[in-house]
Each structure stands twice: as structure tokens, then as C-alpha cells.
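Have a look at the structure below, then the notes.
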Amino acid sequence: MSELVDTVLADAAEKMHKAVEHTQVEFSQVRTGRASPSFVEKLAVEYYGSEVPLQQLAGFSVPEARMLVIQPYDVGSMKAIEKAIQHSDLGLNPSNDGKVIRLSFPPLTAERRKDYVKMVKHMAEEGRVAVRNTRRAARHDLDALEKDGDISADELERAEKELDKLTSTNVSEIDTHLEHKERELLGE
């Protein structure tokens, strides 16, 4: 295949991979019954007049399944971190002993688990749509190359098959991550 086709396909592959990665990050922020730093590490904390992700202000540990311990590098940031957690949509109440902040994750109810499953299914669909949109844009680019005479109809057909393979691989990767997250949420 021509370099132009390779460029279009490589660009599409990279964008599809980013869509899959983004979906995985979204999944990691949906809480299961277990404590995990991923729920709070991206939380924006007002620190000396600017918004800073919590992971830059503190270290994390999980001493037991439903307890997350946040250890601020600067004890002066303790109040700001607590405030950010309280104003987040996590529904958790931080407690601090002057050195660390503890977050206790209550067990999820069956109803809440089902709500989370709906939420991750929606996230997965958004990921699939992003992959398909990338395919559509790449197809458009390939059609333009053929129309301009830069590639032959045979090359276009081969490139489209390759693009379809890429698309189905990335969509199935999202589906695999979704299945895993569903099992995790439903406690199976």
C-alpha cells in the first residue's frame, strides 16, 4: 500500500487506541466495593490559588479492601484535600488525624451496583462511537485519496478492509473491558 494509505491507517489506529484507553480510564473511576486511588487521584484540589490533581499533593495506600489512606506531602494542604473530597460526587466523608486522611468506602447496594453497570455500559457505547467516528473520518480520507487519483480502487478496498479490522479489534477490546468491569461491579 502507498505511504498515504499507511499514514491514514496509522493515524486511525492511534486515535482508536486513545478512545479505548480513555474508556478504560473512565471505567477505573467507577467505584466498586473496593477502595482504589483511581477514584481520587485526578480530583482537582484548590492549592495556593491553583487547581492541582490530588496525585501531585499526596501519596495513597489501601491498608484494607474498603479503606483508602491519603498522605499529603504538605500537611498544610490537608484542609484543601478534605474540601475537594467533600465537594466531589464520590459521596465519601473524609476523616483526618492531622497526618493522613482516611476514606472509608461503604459496601455497594445491589441497586447501586446496577446503576453503575448502566453507567459503564453508557461509557462503553461512547467509546465505541468514538472508534466508529474515527473509522468514518479515515474512510473519508481514503475516499478523497482515491478520488484525487493518489491510490487505486484496489488499494482503497484493501485499506478499507484493514480499517474495518482495526475498528472491530478496538470495539471488541472495549467490550472485553466492559465485561470485566461488569463482573467486578456485580461482585462475581
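Read-outs throughout are calculated quantities, based only on the coordinates presented, and are distinct from any laboratory measurement. These numbers were taken from a predicted model, which means no experiment stands behind them. Here the Cβ positions follow ideal geometry from the backbone for every residue, glycine too, while neighbour counts run over all protein chains shown.
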Checklist entry - Given segment 94-188 reduced to its alpha-carbon atoms as identical point scatterers, what log10 I(q)/I(0) does the Debye formula return at q = 0.20, 0.26 Å⁻¹? => result -0.95, -1.19
Checklist entry - Can you give the angle from 0 to 90° between the axis of helix 78-87 and the longest principal axis of the chain, with both taken from C-alpha atoms, to the nearest 10? => result 60
Checklist outcome for this item: Subtracting the Cα-Cα distance of R136 and S50 from 0.36 nm times their residue separation yields 27.0 nm
Next on the checklist: About the Cα centre, and with charges only on the beta carbon of Lys, Arg (+1) and Asp, Glu (-1), how big is the dipole of the chain? Nearest 20 debye, please.
Outcome noted: 1280
Next on the checklist: Going by average Cβ density within 10 Å per residue, which order do the peptides 98-107, 38-47 take, highest to lowest?
Outcome noted: 38-47, 98-107
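Contour minus end-to-end for R183 and S61, with contour as 0.36 nm per residue of separation and end-to-end as the Cα-Cα distance? Mind dumping the intermediate values first?
Details: separation 122, 0.36 × 122 = 43.92 nm, distance 2.42 nm.
Result for the pair: 41.5 nm of gain on full extension.
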Next on the checklist: Explain nothing, just compute: Karplus ³J(HN,Hα) = 6.51 cos²θ - 1.76 cosθ + 1.60, θ = phi - 60°, for every residue of segment 144-153 in order, whole Hz, x for Gly and Pro.
Outcome noted: 5, 4, 5, 4, 7, x, 6, 9, 7, 4
Item to check | Most mobile of L178, L145, L108 in a GNM of the chain (Cα contacts under 10 Å) | outcome: L145
Item to check | Per-selection metrics, the chain (Cα): Rg and Dmax in Å | outcome: 22.1, 70
Item to check | Unit charges at the beta carbon, dipole of the chain: most positive-side option, P63, L163, H122 | outcome: P63
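May I ask you to derive the FRET efficiency for E3 and K161 from their Cβ-Cβ distance with R0 = 25 Å, giving the value to the nearest 0.05?
On the way: r = 18 Å, r/R0 = 0.74.
With a Förster radius of 25 Å, E is 0.85.
Of the beta bridges DSSP finds with both residues in the chain, what % are antiparallel, to the nearest 5? Write down the numbers at each step before the final one.
Details: 15 of 15 bridges.
Percentage antiparallel, nearest 5: 100.
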Item to check | Simple spin-label estimate for N96 and E21 in nanometres, 7 Å along Cα-Cβ | outcome: 3.3
Checklist entry - Taking the Cα-to-Cβ direction at K118 and at T169 and moving 7 Å from each Cα, how far apart do the two end points lie in nm? => result 3.6
Checklist outcome for this item: Computed Rg/Rh for segment 1-79 (Cα atoms; Rh = Kirkwood radius) stands at 1.22
